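Just below is one structure, and these are the notes that go with it.
The values are calculated or read from the model by the stated rules, or taken from the named source; none is laboratory data. Worth saying up front: this structure is predicted, and the values here are computed from it rather than measured. In this analysis, Cβ positions are derived from the backbone assuming ideal geometry, glycine residues included, and neighbour counts consider all displayed protein chains. Protein only, heavy atoms only, side chains kept; ligands, DNA and RNA dropped before computing areas. Shrake-Rupley method; radii C 1.70, N 1.55, O 1.52, S 1.80 Å.
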Amino acid sequence: MPDRSRYHHGALRDALVDAGEALARAEGLEGVTVRRIAAACGVSAAAVYRHFPSGDHLIAAVAQRAREIMARDMFARLDAAVDKPPIDRLREVGESYIAFALAEPRLFSLVSMPMTTPPDRPDDPNAADLVRDIVLELEPPGAVDEQRVASRMMLAQASAHGLAVILRDFVPDPGARAMLIAGVLDRVGVGLEA
């Protein structure tokens, strides 16, 4: 059992999120419960509520951690693509999203879960902001059309997410996955540039 005395001055809050992340990696969303997280930290479930107003707030913090891990992967991948045109960088982001979903399917289940309770702070880093920043580069200078930006963001995000879920659940062959990723993202790129 973990040593409860190690949790001082807010350290339990971070430990609870760490334990939630570990449970998510091992078991997916189903393993991320207040009782299981508290037990992993060696504290009572009641102790959780000294750091989070509800169990939903704890789950939201764990989901936020998962999104931030994925976003850091995206930013790292873009470091190597800094000189590429915007459409190629969007493709890198899409490939990174799909790679994360396939490499971390259980943790990914929290990235895409519906949120009943928003996190207590904005994601940092934020993958949606990253996508928006790149999509804005596709806009004509001085003529940003917010409806077109929102549509392009939705096309990029929905395509990457849908493809990730389909590949994860129905296409186990790595060669077939690579072919589908290349083909679908090529078509999405054509649509984003239209």
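Take residues that are open to solvent by less than 60 Å² (accessible area, probe 1.4 Å) and at pLDDT 95 or above and tell me which of the helices (runs of 4 or more DSSP H) falling wholly in the stretch 1-58 contain 3 or more. Where helices (runs of 4 or more DSSP H) fall fully within the stretch 1-58 and carry at least 3 residues being open to solvent by less than 60 Å² (accessible area, probe 1.4 Å) and at pLDDT 95 or above, they are 11-27, 34-41. Scanning the stretch 127-154 for residues that are among the β-branched types (V, I, T) and within 23 Å of the chain's Cα centre (by Cα), we see that the one that is farthest from P86 (Cα to Cα) is V149. For the stretch 79-128, the set of residues classified as part of a loop (DSSP other than H, G, I, E, B), open to solvent by 30 Å² or more (accessible area, probe 1.4 Å) and under 27 Å from V190 (Cα atoms) consists of A80, V82, D83, K84, P85, S112, N126, listed by residue number. Applying the condition of being touching a residue at least 40 places away in the same chain (Cβ under 8 Å) and hydrophobic (A, V, I, L, M, F, W, C) to the stretch 101-113 and asking which residue is farthest from A156 (Cα to Cα) yields L107. Checked against the criterion of being modelled with pLDDT of 95 or more, in contact with a Leu (Cβ under 8 Å, 6 or more places away or on another chain), aliphatic (A, V, I, L, M) and within 24 Å of D88 (Cβ to Cβ), the stretch 141-154 contains one or more residues that satisfy it.
Put simply, of L136, L180, L192, L167 the only residue that is hydrophobic (A, V, I, L, M, F, W, C), in a helix (DSSP H, G or I) and within 27 Å of G20 (Cα to Cα) is L167. Taken as a whole, the stretch 113-121 holds at least one residue that is closer than 28 Å to A60 by Cβ and either modelled with pLDDT of 95 or more or charged (D, E, K, R) (or both). If the condition is being among the β-branched types (V, I, T), open to solvent by 20 Å² or more (accessible area, probe 1.4 Å) and in contact (Cβ under 8 Å) with a residue 40 or more places away in the chain, then the stretch 129-169 contributes only V165. Among all positions in the stretch 84-94, there is at least one residue which is of a type in the set (D, E, K, R) and in contact with a Lys or Arg (Cβ under 7 Å, 6 or more places away or on another chain).
The one condition from (1) free of Cβ contacts under 8 Å to residues at least 24 places away in the same chain; (2) open to solvent by less than 70 Å² (accessible area, probe 1.4 Å); (3) assigned to a loop (DSSP other than H, G, I, E, B) that P172 does not meet is (2).
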